[in-house]
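Q: Quick one: the structure is below, questions incoming.
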Amino acid sequence: MFLIIAQSSRSSILLELNSALAIALVFGLLFAGCYFWARRFWTLPVPDAGVLALTIGFPNCAAVALSLLSGVFGSEAVISAALSIAVGSITISPLTLALLELSSKKDAAKITALPLLRAIARSFRQPVVWSPILALLFVFFGLHLPPYGVATVRTLGNAANGSALLLTRVVISAQYFTLNGPVVFNDTC
């Protein structure tokens, strides 16, 4: 995702600006709706509701689309998918990280606006949040990675994709499965 955005032209990113704003709105509405639904009607704790809302509000299917889109529609098609991942990483991920951080503290039942805003600001230290911002800065300031930098980041990205798939499978296989309302809701969304 970093390379796709960082190697794009400023004009191609600007063409996708309206789409990116619409995606941010949809991700935000889905996140908020799912979070408040999970807290109110399923009485899930903050961390569980936050992770469920992240799963619904920022679907990971866009990451799968990167390799499929380039093969079917060409390299320009992946910019939309990469931007949707960047939008989610810059908007939804910081909020989820902040909720998880605040819920790990002793007074987690009282999450108020100021501590939430501070935790969101701290979440921008995480690579999942700052790397898409860095890629966008590369584009807007006309910076380019040297060929060895591109090759290094590409290798790291390929390794991360495989590792993510493996770790997801390990985490899922270690979980006890119960078919209940939240599971059905999450799967249908």
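All of the numbers you see were taken from the coordinates with simple rules; none came from a lab. It should be emphasised that the depicted structure is a prediction, and the values quoted were computed from it without experimental measurement. Glycine also receives a Cβ, built like all others from the backbone with ideal geometry; neighbour counts cover every protein chain displayed.
Q: Taking every pair of distinct Cα atoms and averaging 1/r, then inverting, what Kirkwood hydrodynamic radius in Å comes out for the chain?
A: Computed over the chain, the radius equals 18.1 Å.
Q: Which of Ser89, Ser163, Ser104 moves most in a GNM of the chain, Cα contacts under 10 Å?
A: Maximum fluctuation in the GNM of the chain, among the listed residues, is at Ser163.
Q: For the stretch 101-141, what is one quarter of the convex hull surface built on the Cα atoms, given in nm²?
A: Result: a mean projected hull area of 3.5 nm².
Q: For the peptides 47-59, 8-20, 144-156, what is the packing order when you average, over each peptide's residues, the other Cβ atoms within 10 Å and list the highest mean first? Each step should come with its number before you reach the end.
A: Numbers: 47-59: 20.2, 8-20: 14.0, 144-156: 11.7.
Most protected by this proxy first, the peptides run 47-59, 8-20, 144-156.
Q: Using Cβ counts within 10 Å as a stand-in for footprinting exposure, how do Phe140, Phe185 rank, fewest first?
A: Neighbour counts put them in this order, fewest first: Phe140, Phe185.
Q: Let me ask something additional. Name the residue from Ser103, Ser11, Phe138 whose Cα lies farthest towards the positive end of the charge dipole of the chain, charges +1 on Cβ of Lys and Arg and -1 on Cβ of Asp and Glu.
A: So the residue we want is Ser103.
Q: While we're on this one: Which is farthest toward the positive dipole end of the chain among Val184, Ala77, Val129, measuring Cα position about the Cα centre, with Cβ charges +1 (Lys, Arg) and -1 (Asp, Glu)?
A: Val129
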